1. Carbon and sulfur atoms: what percent of the 1.4 Å accessible area of the range 9-99 do they account for?
2. Taking θ = phi - 60°, what integer Hz values does the Karplus form 6.51 cos²θ - 1.76 cosθ + 1.60 yield along the range 29-34, in sequence order, with x for Gly and Pro?
3. When you count, for each residue, the other Cβ atoms within 10 Å and take the mean per peptide, how do 58-64, 83-89 rank with the highest first?
4. Roughly how many nanometres apart are two label points built 7 Å out from the Cα toward the Cβ at ASP11 and LEU79?
5. Per residue of the range 76-82, in order, report the coupling 6.51 cos²θ - 1.76 cosθ + 1.60 (Karplus, θ = phi - 60°) as ³J(HN,Hα) in whole Hz, putting x for Gly and Pro.
6. To the nearest whole percent, what portion of all C-alpha pairs in the range 51-124 is separated by more than 21 angstrom?
Amino acid sequence: MPDAGSSIFVDVLLVVLYLLLAVTLGLTIWSVLHSLHRRTREPQPTRMVSARTTGLVAGGLLVVALVLTFALASTQPLLINGDQFADALWLRLSDMFIFTTIIMLLVAIVGVVWGSTHRRFPWK
């Protein structure tokens, strides 16, 4: 049986984690709003794709990947440490994050390979 002292540490840990989550969410929202505001004042490049367009396309692809991987995720129960885990929502969410991460890594690798092989040099 756990003593009363150990529950205090759990409570402190939970409070710290909730504060960290709140600070992270706040900074994320501020960063998005700040970058959107800053991008509206930047001059548009003449022959390149703008940073705003690149950001919107990347964000859109991320949302599409999240929705598709959630819709196609498996809900088959898993046997974990001898216990049956059958919560469909958490099974779908874990599949969604795993497969979205794999998709985004593959897109990044393809982008790096394409960018390194299709580079335009100003002196050519």
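1. 73
2. 4, 4, 5, 5, 5, 5
3. 58-64, 83-89
4. 4.1
5. 3J(HN,Hα) across the range 76-82, in whole Hz: 5, x, 10, 9, 10, 6, x.
6. Result: 47 percent of Cα pairs exceed 21 Å.
The values are calculated or read from the model by the stated rules, or taken from the named source; none is laboratory data. Nothing here was measured: the structure is a model prediction, and the numbers come from that model. A quick note on method: Cβ atoms are made from the backbone with ideal geometry, for glycine too, and the neighbour counts reach across all protein chains shown. Keep in mind that these areas ignore ligands, DNA and RNA; they rest on the heavy atoms of the full protein, side chains included. Shrake-Rupley method; radii C 1.70, N 1.55, O 1.52, S 1.80 Å.
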